[in-house]
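The values are calculated or read from the model by the stated rules, or taken from the named source; none is laboratory data. Bear in mind the structure is a predicted one, so any value in this text is a computation, not a measurement. Here Cβ is always computed from backbone atoms with ideal geometry, including for glycine, and neighbour counts include all displayed protein chains.
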Amino acid sequence: MKIVVLGSNGQLGREFVNYLQTTENKIFAFSHSTLDVEDLEKIIKTFRSINPDVVINCAAYTKVDKAEEEKDLAYRVNAIGAKNVSFASFKVNAKVVYFSTDYVFNGKKNSPYIEIDPPEPISIYGESKFWGEQYTREFNSNHLILRVSWLYGGYGNNFVKTVIRLAKSGKPLRIVNDQYGTPTYTLDVVKQTIKLLENARIGIYHSSNIGETTWFEFANKVLEDLGLESEVIPIESKEYPTLAKRPKYSVLKNYFLELEKLDIMRQWKVALGDFINNYGEWLLNE
Ligand SMILES: NC(=O)c1ccc[n+]([C@@H]2O[C@H](COP(=O)([O-])OP(=O)(O)OC[C@H]3O[C@@H](n4cnc5c(N)ncnc54)[C@H](OP(=O)(O)O)[C@@H]3O)[C@@H](O)[C@H]2O)c1
């Protein structure tokens, strides 16, 4: 298959490119600087010259707090950018893959969100991603949307790396203990996406690792797996005010993957352990 990856320098984009390069697929990777999702004409021209089977759209504006101040940019990239990519992939008969987020939900539920639950974003980021989902659907019926949560991996910045950096600084860590979600390893998202592509699936799928935790417990597990000692103090969200509101509870249940017997996402602690095994030494010396 000919596969285009957009946003190829981001943490998920790089995971896709690295993984797909070990397969028989032909990969065409574009970073923000080589293909801007805001530039519809260039996207169409590029896709026409490649004629891809699949377009994996990992391009996104992901600064959750800054989005409250840079609203226009968040909508341009996450919503209009998604529309451009979806429409351009439709024009060349390619399947389009979009990644969305647990932050499309308001967090008022106290059991895991399934695909049927109505989104009600409470931040600009969440709303821009929700419109990205809508547009991806609307402009190419041959689409796949995977909602993922609390991503980490070897590439780019993420919570795991922040925890390690803070722990190494020797200062106590103050981490929020009243927001519930599921940490998810980018490698698992890549493998789950490929599984869905191989099975010619379409539509929306919750695709996070399994189980639930808080940021505080997540931080403790990272330190435990790495054998790092550090004082971690649990705090409430109100003690750490942020520009964007975050859902209190945004655990995703991979309901449709389960119904279709396609769920290969691992328990979050198992995936984290695997990540630490792969990258632990390197993370500690970074
Ligand atoms: N990170 C998470 O915890 C999380 C949670 C749930 C869902 N998601 C979703 O998962 C997907 C992957 O996230 P990620 O963590 O890999 O994000 P990321 O590391 O921020 O990567 C996003 C990439 O998109 C690029 N980009 C930004 N604007 C662009 C534009 N106009 N045209 C082309 N590329 C552009 C960025 O490049 P520059 O940096 O050069 O601008 C960056 O390389 C996103 O859709 C995100 O919304 C992420």
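Remarks
- Segment 238-267: number of residues that are among the polar types (S, T, N, Q), loosely packed, with under 13 Cβ neighbours inside 10 Å and either assigned to a loop (DSSP other than H, G, I, E, B) or in contact with a Phe, Trp or Tyr (Cβ under 8 Å, 6 or more places away or on another chain) (or both): 1
- Test: residue in segment 97-107 that is closer than 18 Å to Ile210 by Cα, part of a helix (DSSP H, G or I) and out of contact with any helix residue (DSSP H, G or I) (no Cβ under 7 Å at 6 or more places or on another chain): yes
- Residues located in segment 114-143, provided they are within 19 Å of Ile56 (Cβ to Cβ), in contact (Cβ under 8 Å) with a residue 60 or more places away in the chain, surrounded by 22 or more Cβ atoms within 10 Å (Cβ to Cβ) and more than 11 Å from the ligand (Cβ to nearest atom): His143
- Restricted to segment 80-102, and to residues there that are among the small types (Gly, Ala, Ser) and within 11 Å of the ligand (Cβ to nearest atom), the residue that is surrounded by the fewest Cβ atoms within 10 Å (Cβ to Cβ) is Ser100.
- Selection of segment 11-57 for residues being under 26 Å from Asn199 (Cα atoms) and near the ligand (Cβ under 7 Å from one of its atoms) yields Gln11, Leu12, Gly13.
- Residues located in segment 65-79, provided they are surrounded by fewer than 18 Cβ atoms within 10 Å (Cβ to Cβ) and either in a helix (DSSP H, G or I) or touching a helix residue (DSSP H, G or I) at 6+ places or on another chain (Cβ under 6 Å) (or both): Lys66, Glu68, Lys71, Asp72, Leu73, Arg76
- Flag for Phe105 being touching a strand residue (DSSP E or B) at 6+ places or on another chain (Cβ under 7 Å) and buried (at least 19 other Cβ atoms within 10 Å of the Cβ): yes
- Take the conditions (1) farther than 30 Å from Phe90 by Cα; (2) at pLDDT 95 or above; Ile164 misses just one of them, which is (2).
- Verdict on Asn177 being within 30 Å of Leu259 (Cβ to Cβ), modelled with pLDDT of 95 or more and over 17 Å from the mean Cα position of the chain (by Cα): no
- Residue count for segment 183-197, restricted to those that are within 13 Å of the ligand (Cβ to nearest atom) and either among the aliphatic types (A, V, I, L, M) or modelled with pLDDT under 95 (or both): 3
- For Asn57, the criteria (1) surrounded by fewer than 20 Cβ atoms within 10 Å (Cβ to Cβ); (2) in contact (Cβ under 8 Å) with a residue 60 or more places away in the chain hold in every case but one, which is (1).
- Residues (in contact (Cβ under 8 Å) with a residue 40 or more places away in the chain and among the aliphatic types (A, V, I, L, M)) located in segment 250-269: Val251, Leu252, Leu257, Leu262, Ile264, Met265
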